[in-house]
């Protein structure tokens, strides 16, 4: 029988309560930020953009676009991390051309989301600065 780090049988069935789901999600959030340098970097960029938004006194619709862009980048980064771990698990950390292709395509989704965020930032902050 496998035991988790607390000496208990790990949970393999569905969550029974919202609290369980929330705890697992928060643990996943913490683990991702702790282990993924790109997520921490994205977090710093998000804080800088939020600070600039406060300084520029953005309109609420501009805030909506900025927050949406930030969350899209985070979501893409999280899914990229999930795909990388899943692929590594499936190929047992061995090289496989298809595994590389999956990881590259997953990374491309992060790049596309970052380009979208950059375009939104240029439009929002360009408008705020020049008006």
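Rule-based calculations on the coordinates, nothing more; no lab input. Fair warning: this is a prediction, and the values are worked out from it, not measured in the lab. FYI the Cβ positions are ideal-geometry reconstructions off the backbone, even for glycines, and counts take in every protein chain you see.
Summary of values
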| read-out | value |
| --- | --- |
| Filter result for the condition that a residue is free of Cβ contacts under 8 Å to residues at least 24 places away in the same chain and closer than 15 Å to residue 39 by Cα, over 86, 118, 111 | 111 |
| Flag if residue 62 is in contact (Cβ under 8 Å) with a residue 40 or more places away in the chain, more than 12 Å from the chain's Cα centre (by Cα) and assigned to a helix (DSSP H, G or I) | yes |
| Residue in the stretch 34-41 that is assigned to a helix (DSSP H, G or I), surrounded by fewer than 10 Cβ atoms within 10 Å (Cβ to Cβ) and out of contact with any helix residue (DSSP H, G or I) (no Cβ under 6 Å at 6 or more places or on another chain) present | yes |
